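Student: This structure is in structure tokens; I'll ask about it shortly.
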Amino acid sequence: MKKIIFDCDPGVDDAVALFLAFASPQDLDILAITTVAGNVAADLTARNAAVIRQIAGREDVPIHAGARAPLIRPPFDAGAFHGESGLGDLPLFEPAKGVEPGHAAQVIADLVMNHAPGEITLAVTGPFTNLALAIRLEPDIVERLGPVVVMGGARREGGNITASAEYNIWADPHAADIVFSSGAACVVMGLDVTHQVRSDPARTAAIAAVDTPAARASAALLEFSNAIERDIVGGSGAPIHDPCVVAYLLAPQLFTLRPCELRVETASPLTLGHTAVEFRIDPTAARIQWATGADADGVFALLTERLAR
Ligand code: RIB
Ligand code: CA
């Protein structure tokens, strides 16, 4: 059983990742969901997390809202990929239970300091603003965090929001720089690996055939992403970026990692948010592991099985 804090910006793929985490109570003790401005504005990411939580029947898990903007850059939402609501065309409702008081950054700092070193793993699937603020509030959390497992960055794949940057890093490069240079142990699911894990029609249909609220909602979310992938990119299956973070927490053997040093561009207008991933290092000294491969069929088998629970 892993104790986790799940920081996210739901977001269509964040939502599927949340369903996977909520469906795995025997593996993941979710101490808190924390939300951040990203794909859509902060009030919507908080509302969306509560909507997904209610569909999943997991209102035992508290949600804390966090940063309303990146540390320095202005907010820039990715509504083109997630729809105006942030949850594609999912029928929305006002969740019965809302967020708890307490800012996400303070909640992350307090939970990590109130647990034994290494006891809490942090999953981050949106811009890193809340974690960067938590590190500034309480620098001692860096050594106490179990690994931080994040979705972000790109090396071989190039960028998805600019030619050279992936959205989560580009949206708040200063926060990402604070996190990656902090010395925290990180496992990084960049586009190099998430682009290997795509919800092609057969995989999406397998999820759509599962008769549970979480599977029905996930299938609708994946179909929304696939339609955008067809229209914008011309592909047949959208990459499921954020579920790769939860799949790693549940089944790390599905992924191949490589030790690296990782630096973030925070100044260049042309390459802002670029992640420079360097493998020519002393592997024994590496604090960051870069995911280079995934067993995509294994990830979808895990996702489909858990959504059926
Ligand atoms: O680049 C993909 C990432 O940006 C995902 O986390 C997606 O939800 C968006 O936030
Ligand atoms: Ca996200």
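Values in this text are rule-based calculations from the coordinates and carry no lab data. Quick caveat, the model's predicted, so the values are computed rather than measured. A quick note on method: Cβ atoms are made from the backbone with ideal geometry, for glycine too, and the neighbour counts reach across all protein chains shown.
Student: Gain in length, ALA205 to PHE76, computed as 0.36 nm per residue apart minus the alpha-carbon separation, to one decimal in nm?
Tutor: Once the chain is fully extended between ALA205 and PHE76, it gains 43.2 nm.
Student: Still on this model: For the pair PHE279/LYS3, report the inter-label distance in nm, with labels modelled 7 Å from Cα in the Cβ direction.
Tutor: That separation, rounded to one decimal, is 3.6 nm.
Student: Subtract the Cα-Cα distance of PHE93 and ASP110 from 0.36 nm times their separation in residues, and report this length gain in nm to one decimal.
Tutor: Fully extending the segment from PHE93 to ASP110 adds 3.0 nm.
Student: Additional query: Tally the DSSP beta bridges in the chain and give the antiparallel ones as a percent, rounded to 5.
Tutor: Restricted to the chain, the bridges split so that about 35 percent are antiparallel.
Student: Can I ask one more? Using amide H atoms built in the peptide plane, which far-off residues or other-chain residues are under 5 Å from ASP7 H to H?
Tutor: For ASP7, whose amide H was placed from the backbone, the distant partners under 5 Å are THR34, ALA123, VAL124, THR125.
Student: Once a ≥ b ≥ c are taken as the square roots of the eigenvalues of the Cα gyration tensor of the chain, is the result rounded (a/c under 1.5), prolate (a/b larger than b/c) or oblate (a/b not larger than b/c)?
Tutor: Judged from the Cα gyration tensor, the chain comes out rounded (a/c under 1.5).
Student: To continue, here is another question. Would you please state which residues of the range 198-214 a label at THR304 would reach in this model, taking the label point 7 Å out along Cα→Cβ and a backbone N cut-off of under 15 Å?
Tutor: Counting only backbone N, you get 198-212.
Student: Taking the alpha-carbon centroid of each part, what is the distance from the range 145-208 to the range 234-282 in angstrom?
Tutor: Using only Cα atoms to place each centre, the spacing works out to 4 Å.
Student: What's the extension gain from ALA267 to SER236 if we count 0.36 nm per residue and subtract their Cα-Cα distance? Mind showing how you got there, number by number?
Tutor: On the way: separation 31, 0.36 × 31 = 11.16 nm, distance 3.51 nm.
Taking ALA267 through SER236 to full extension adds about 7.6 nm, to one decimal.
Student: Oh, and also: Report the local net charge at VAL107: Lys and Arg +1, Asp and Glu -1, summed over other residues whose C-beta lies under 14 Å from its C-beta.
Tutor: Combined, the nearby Lys, Arg, Asp and Glu give -3.
Student: Restricting to DSSP H runs of at least four residues, report the calculated mean residue ellipticity at 222 nm for the chain, -39500 (n - 2.57) per run over all residues, nearest 500 deg cm²/dmol. Could you put the intermediate results ahead of the total?
Tutor: Details: 13 runs with 114 residues, N = 309.
Computed mean residue ellipticity for the chain: -10500 deg cm²/dmol.
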